[in-house]
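Below is one structure, written out as structure tokens, with a few remarks after it.
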Amino acid sequence: MKKLLEIKNLETAFRIKDDYFNAVDNVSLDLHSNEVLAIVGESGCGKSTLATTVMGLHNENLTRSTGEVIYNGKNLLDMSEAELNSIRSKEIGMIFQDPLSSLNPLQRIGAQIEEALIYHTELDKEARHKRVIELLTQVGIPYPERCAKQYPHELSGGMRQRVMIAMALSCKPKIIIADEPTTALDVTIQAQILDLLKQLQAEMQAGVILITHDLGVVAEMADRVAVLYAGEVVELGTAEQVFKNPKHPYTRSLLRSIPQFDDDSNDDLYAIEGMVPSIKNLNRTGCRFAPRVPQLAEDSHEDNPTLHEVEEGHFVRCTCYKHFRFEEDAV
Ligand SMILES: Nc1ncnc2c1ncn2[C@@H]1O[C@H](COP(=O)(O)OP(=O)(O)OP(=O)(O)O)[C@@H](O)[C@H]1O
Ligand SMILES: [Mg+2]
């Protein structure tokens with residue numbers, strides 16, 4: 001499979017007062033054509049920062065990014081705003097979590113979708129209108145002509161998210177980055193939107209980076225999964241490897257916290273104790289997950305944890321995975 005995007009040793013730090021703190025740390029990931037790569041992890045682990053860094057959406061005065069994001073042989077991190085603008089939407093589309101804050105409330109839907117077409121294509125007015133209607137139809141909007149004339153507030157949440165997808169797809173990008181695209185929607189609508197995204201991705205043979213904290217969504221959609229913790233990839237593999245043979249204690253805890261439909265025990269849902277540390281309190285060396293597995297002896301962690309390949313294409317950070325057991329399983 002063709003590599004569409006190569007993220008190499010990516011670090012993004014935010015400036016807080018006079019210091020910089022890493023929210024994304026030494027992340028290396030590849031995205032291939034026609035694959036869905038899911039990025040998962042709890043709130044605050046750096047998922048959105050990773051996406052916005054790839055898209056070059058940071059204020060240079062307040063953030064510092066190093067490493068490489070190679071697209072078509074060029075490092076996106078070295079590009080000027082003008083060069084990035086020629087790639088955003090056209091080559092790399094983005095779908096955000098909250099369509100209301102990403103859509104312009106004062107502009108009709110049709111005009112908003114048309115904007116990228118004006119900027120990136122040679123289509124004349126009539127052809128653009130035709131394309132807008134085609135896109136709205138493609139994302140399952142029942143009355144596309146009417147929708148094109150409406151304002152965002154006139155649509156339901158699910159319809160607005162469909163519009164966002166139509167916008168992201170308008171120039172047939174090769175890569176789509178979707179940051180929690182369905183979190184704000186109720187479950188049935190969520191399933192419809194995910195089905196739609198999957199279907200369009202397959203039709204366009206696009207590579208999708210799907211960011212979510214919902215492992216149900218990952219199981220449904222992803223070909224490969226990267227688990228992020230405190231800015232670092234702690235596990236990476238195919239969806240099957242990560243779901244059937246999870247190694248890192250963080251991944252295993254995340255999987256355990258999913259409610260099981262057929263579980264008739266009265267046990268409380270599993271919750272991982274503690275929380276993702278703030279970027280100001282990160283352990284720069286040592287295993288970042290160590291504070292959340294206090295039962296493990298200090299020497300079960302590596303001093304400078306690296307990713308280990310445990311089977312082909314399946315990587316896990318730190319040696320602590322070899323020692324971790326859930327309490328009730330440790331007999
Ligand atoms: N502009 C900023 N300035 C300072 N710190 C920031 C900024 N944006 C994010 N952070 C911090 O960086 C870390 C990663 O945040 P990020 O939004 O990438 O997490 P996330 O995984 O997307 O979380 P969520 O699931 O809640 O969307 C967090 O600790 C967050 O507080
Ligand atoms: Mg986020």
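Extending 7 Å from the Cα toward the beta-carbon at both E220 and N72 defines two label points whose distance is 3.3 nm. At 1.4 Å probe size, with the rest of the protein present, what percent of the exposed accessible area of the chain is carbon and sulfur atoms? Carbon and sulfur atoms account for 49 percent of the accessible area of the chain. Ordering of 87-97, 211-221, 10-20 by packing is 87-97, 211-221, 10-20, highest average first (other Cβ atoms within 10 Å, averaged per residue). Could you tell me the calculated FRET efficiency between T188 and S43, based on Cβ-Cβ distance and R0 = 22 angstrom, to the nearest 0.05? Efficiency at R0 = 22 Å is approximately 0.35.
For the range 106-202, the alpha-carbon coordinates run over 39, 30, 21 Å along the three principal axes, in decreasing order. Think of a 1.4 Å ball rolled over the protein heavy atoms: the range 17-110 then has 47 Å² of accessible area per residue. Positive end of the dipole of the range 1-97 (Cβ unit charges, origin at the Cα centre): among V36, F14, S80, the Cα lying farthest that way belongs to V36. Within straight-line reach of K125, meaning a Cα separation under 28 Å, sit the following lysines at least 8 residues removed in sequence or on another chain: K90, K149, K172, K174.
Multiplying the residue separation of S102 and E311 by 0.36 nm and removing their Cα-Cα distance gives an extension gain of 71.2 nm. With both labels modelled 7 Å from their Cα along Cα-to-Cβ, the L255 to A202 distance reads 2.5 nm. If the chain linking T137 and N61 were pulled fully straight, counting 0.36 nm for each residue of separation and taking away their Cα-Cα distance, it would gain 23.2 nm. Highest average first, the peptides 280-293, 47-60, 299-312 ordered by how many other beta carbon atoms sit within 10 Å of their residues are 47-60, 280-293, 299-312.
A straight Cα-to-Cα reach below 28 Å connects K280 with the lysines K8, K17, K47, K247, residues fewer than 8 places away in its own chain not being considered. Remark: the E81-Y119 segment gains 12.2 nm on full extension, using 0.36 nm per residue and subtracting the alpha carbon distance. Once the 1.4 Å probe is applied to the protein heavy atoms, the range 124-268 comes out at 46 Å² accessible per residue. For the chain, dividing the convex hull volume of the Cα atoms by the residue count gives 155 Å³ per residue.
Look at the alpha carbon pairs under 8 Å that are at least 6 residues apart: their mean separation over the length of the chain gives a relative contact order of 20 percent.
Indicate the gyration tensor shape class of the range 14-93 (rounded, prolate or oblate), computed on the Cα atoms with a ≥ b ≥ c the square roots of the eigenvalues: a/c under 1.5 is rounded; otherwise a/b larger than b/c is prolate and the rest oblate. It comes out oblate by the Cα gyration axes.
Expressed to the nearest 5 percent, the antiparallel share of DSSP beta bridges inside the chain is 65 percent.
The values are calculated or read from the model by the stated rules, or taken from the named source; none is laboratory data. Here the structure is a predicted model, which is why all the values come from computation and not from measurement. Glycine gets a Cβ as well: all are built from the backbone with ideal geometry, and neighbour counts include every protein chain shown. Quick note on the areas: whole protein, heavy atoms, side chains included, nothing else; ligands and nucleic acids left out. Shrake-Rupley method; radii C 1.70, N 1.55, O 1.52, S 1.80 Å.
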